[in-house]
Amino acid sequence: MLVARHFRISGRVQGVGFRYYVERIALREGLSGYVRNLRDGSVETMVEGDAESVGRFDIAVRQGPPGARVRDVETTELTPTGRTTGFMVTG
């Protein structure tokens, strides 16, 4: 089953390689989407793919890379588009 999910991760998540950690997980899981830093110091990511892969991605994002301290993760379910656009790291 195809699912899409938006995450907003706060804590010590900028300047610790968080976006590239997220990219590695997304590529490993075969997910499409993006990750970017936000001005308030949080990180935003959106992924789309099969439910099991998105579930594993969710668990990994809550842990973060070494040096990160994830304080909070806001999650929003989205309607999947079915498009495979790859995964992009931006801003």
* Residue identified as over 19 Å from ALA4 (Cα atoms) and surrounded by fewer than 21 Cβ atoms within 10 Å (Cβ to Cβ) among GLY17, GLY55 -> GLY17
* To do: Scan the stretch 35-50 residue by residue and report those that are closer than 16 Å to GLU74 by Cα and surrounded by fewer than 23 Cβ atoms within 10 Å (Cβ to Cβ).
  => ARG36, ASN37, LEU38, ASP40, GLY41, SER42, GLU44, MET46
* Considering residues of the stretch 59-90 that are under 16 Å from GLU29 (Cβ atoms) and exposed (fewer than 12 other Cβ atoms within 10 Å of the Cβ) only, the residue modelled with the lowest pLDDT -> THR84
* Structure fact -> Here the residues within the stretch 45-69 that are part of a helix (DSSP H, G or I) and not charged (D, E, K, R) are ALA51, SER53, VAL54, GLY55, PHE57, ILE59, ALA60, VAL61, GLN63
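The values are calculated or read from the model by the stated rules, or taken from the named source; none is laboratory data. No experiment lies behind these values; they were computed from the predicted model shown. Note that we place each Cβ from the backbone using ideal geometry, even for glycine, and neighbour counts take in every protein chain shown.
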